[in-house]
Amino acid sequence: MSQVEDFLTAEEEKEIINSILKAERKTSGEIRVHIEPTTSLNHFKRAEEVFALLKMENTRDRNGVLIYVAVRDRKFVIIGDKGINEVVPEGFWDSTKEIIQHEFKKGEYKKGIIEGVLRAGRELKGHFPWKPDDTNELSNEISKG
């Protein structure tokens, strides 16, 4: 698996996008997935950079979540914006990472991402329930670098 295109099939990408739609259905929170081949930067720093490039800090409640994957590096990072990080229980992102990592180790990349998306969505729903004036502030498409 040396290229982003080999990481997920078009059908698997659709399933992930559908999981994002499902996760966001009852929350004002926003979830994005970004996949790229590799980075020369520290993976957390690169994820922060992608977070900014995708303008994820521009949500009304600062409740965006990014799942960043560097395919060739076999690394991923989960980043939550200020609003969500202030309210999630201690260790939430680490336990979410463990769930994704468990599936990735089995080669179940789509399943790992979907599990992470849905878990983040449940947490967002608890702290940022959907309100009638909410709009989808960020794209649900998988971004690629």
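The values are calculated or read from the model by the stated rules, or taken from the named source; none is laboratory data. Bear in mind that the values here come from a model prediction, so they are computed numbers and not experimental data. We place every Cβ from the backbone using ideal geometry, glycine too, and count neighbours over all the protein chains shown.
What to note about this one:
- Filter result (surrounded by fewer than 18 Cβ atoms within 10 Å (Cβ to Cβ) and aromatic (Phe, Trp, Tyr)) within the stretch 12-57: Phe44
- Close pairs from the stretch 83-101: first more than 12 Å from Arg119 (Cβ to Cβ), partner part of a loop (DSSP other than H, G, I, E, B) and of a type outside the set (Val, Ile, Thr), Cβ under 7 Å, at least 6 apart: Gly83/Asp61; Gly83/Arg62; Gly83/Asn63; Ile84/Gly29; Ile84/Asn63
- Residue that is nearest to the chain's Cα centre (by Cα), among those in the stretch 11-58 that are under 16 Å from Glu141 (Cα atoms) and without any contact (Cβ under 8 Å) to a residue 60 or more places away in the chain: Phe51
- Selection within the stretch 102-145 - free of Cβ contacts under 8 Å to residues at least 12 places away in the same chain, within 22 Å of Phe7 (Cβ to Cβ) and not in a loop (DSSP other than H, G, I, E, B): His102, Lys105, Lys111
- Selection within the stretch 59-96 - under 22 Å from Thr9 (Cα atoms), crowded, with 17+ Cβ neighbours inside 10 Å and over 14 Å from the mean Cα position of the chain (by Cα): Val71
- Residues that are β-branched (Val, Ile, Thr) and in a helix (DSSP H, G or I), drawn from the stretch 81-101: Ile84, Thr96, Ile99, Ile100
- Condition check for Arg62: touching a helix residue (DSSP H, G or I) at 6+ places or on another chain (Cβ under 6 Å) and either within 17 Å of Glu115 (Cβ to Cβ) or assigned to a loop (DSSP other than H, G, I, E, B) (or both): yes
- Scanning the stretch 106-113 turns up no residue that is farther than 17 Å from Ile16 by Cβ, of a type outside the set (Lys, Arg) and either out of contact with any His (no Cβ under 9 Å at 6 or more places or on another chain) or at pLDDT 95 or above (or both).
- Pick from the stretch 128-140, criterion in contact with a helix residue (DSSP H, G or I) (Cβ under 8 Å, 6 or more places away or on another chain) and at pLDDT below 95, ranking: nearest to Lys75 (Cα to Cα): Asn140
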